[in-house]
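Have a look at the structure below before the remarks.
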Amino acid sequence: MIPSRSITGLWWGLLGVAAFSFTVPFTRVAVGGLSPLFIGSGRAVVAAILAASSLVLTRQRLPRGKQWARLAVVAAGIVVGFPLLTSFALTTAPASHGAVVIALLPTATATAAVLRGREHPPAAFWLVTAVGAVAAIGFALSQAGNPAPSGGFGQLNWADVLLLGAVVSAAIGYAEGGLLARELGAWQTVSWALVLALPLMAGLTALSVSQQPPSASPVQWAAFAYLGVVSMFFGFVAWYRGLAVGPMAKVSQVQLIQPVLSICWAGLLLGESLGWTTIVGGLAVIACAGIAVRVRLNPQPADQGR
């Protein structure tokens with residue numbers, strides 16, 4: 001029973017990660033014909049409609065008291081912050097570049113969970129976390145569009161700042177959502193967060209339409225539809241289903257392959273060339289994320305004794 005349950009959880013988690021892995025490349029496609037504000041807010045509106053329908057059909061109970069405030073944190077991170085920041089960043093940054101910077105997400109999520117849960121991980125966790133952050137920032141600097149006069153590293157541009165902000169937003173949303181899911185349920189937490197953010201995102205969508213009426217090719221509309229239906233709803237349903245089936249510690253590590261898949265899709269679907277800096281930078285960030293997650297999940301015996 002246990003091995004079978006474990007395999008089931010891993011497959012659900014893998015399905016969710018596979019769905020998420022297309023988010024960066026498809027956002028890059030959509031921004032070719034749609035405004036980033038429309039993409040970031042409109043996809044949330046589409047997902048919120050699906051979420052509200054699911055909550056009503058399954059007759060889920062309303063959150064209570066402080067749960068609404070905690071849902072606001074989740075919504076700010078994964079419904080508002082991440083979609084909007086990545087949409088604006090990918091108007092200039094290549095999808096493969098964005099995937100490498102976003103590869104910091106597992107490490108950032110683990111860090112947010114440690115801080116939110118008041119855990120006391122070993123020093124190795126903080127060391128690897130710092131190395132991973134330095135690797136991601138170093139990659140961004142090496143790929144900067146305006147190199148320094150000396151021929152060395154460039155300066156972080158706004159796309160990199162927005163991508164790093166997206167990572168922080170999503171990490172906080174994931175960490176709070178993981179705790180809240182124990183009370184409301186996994187997919188229910190995401191759904192309530194989407195519904196809570198609906199008025200704001202609908203207003204931003206209307207604003208974007210008034211400023212720049214949407215005009216895109218069928219491929220760009222298809223990419224937008226994917227972002228709203230799959231990336232922001234069904235992908236989360238599969239991902240949180242996998243975490244619920246568990247074991248959560250193992251399933252959560254499946255997320256480490258997401259940037260690898262995103263970089264591959266960027267090359268295969270968008271024809272982006274993958275230089276050695278992209279490959280090395282991606283591997284470095286992913287390796288640090290994997291070590292950080294493992295260290296957090298497997299603390300030193302001495303720490304457990306204390």
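Note on His120 and Val161: with the Förster distance fixed at 35 Å, the Cβ-Cβ geometry gives a FRET efficiency of about 0.65.
Estimated from the Cβ-Cβ distance and a Förster radius of 22 angstrom, the FRET efficiency linking Val219 and Ala52 is about 0.20. Sequence-ordered 3J(HN,Hα) estimates for the range 157-174 from the Karplus curve with 6.51, -1.76 and 1.60 and θ = phi - 60° stand at 9, 5, 4, 5, 4, 5, 5, 5, x, 5, 4, 5, 4, 5, 4, 5, x, 5 Hz, glycine and proline given as x.
Extension gain for the segment Leu274 to Arg64, taken as residue separation times 0.36 nm less the Cα-Cα distance, is 70.8 nm to one decimal. Our estimate of slack between Arg294 and Ile257, defined as 0.36 nm per intervening residue step minus the Cα-Cα distance, is 11.8 nm.
Rounded to the nearest Hz, the phi-derived 3J(HN,Hα) couplings of the range 30-40 under the Karplus curve 6.51 cos²θ - 1.76 cosθ + 1.60 (θ = phi - 60°) are 5, 5, x, x, 10, 6, x, 5, 5, 5, x, where x marks glycine and proline.
From most to least packed by mean Cβ count within 10 Å, the peptides 19-27, 87-95 give 19-27, 87-95.
Every number in this text was worked out from the coordinates using simple rules, so none of it is lab data. On a predicted model such as this, the values are computed, not experimentally measured, just so you know. Cβ sites come from the backbone with ideal geometry, for glycine too, and all protein chains shown count toward neighbours.
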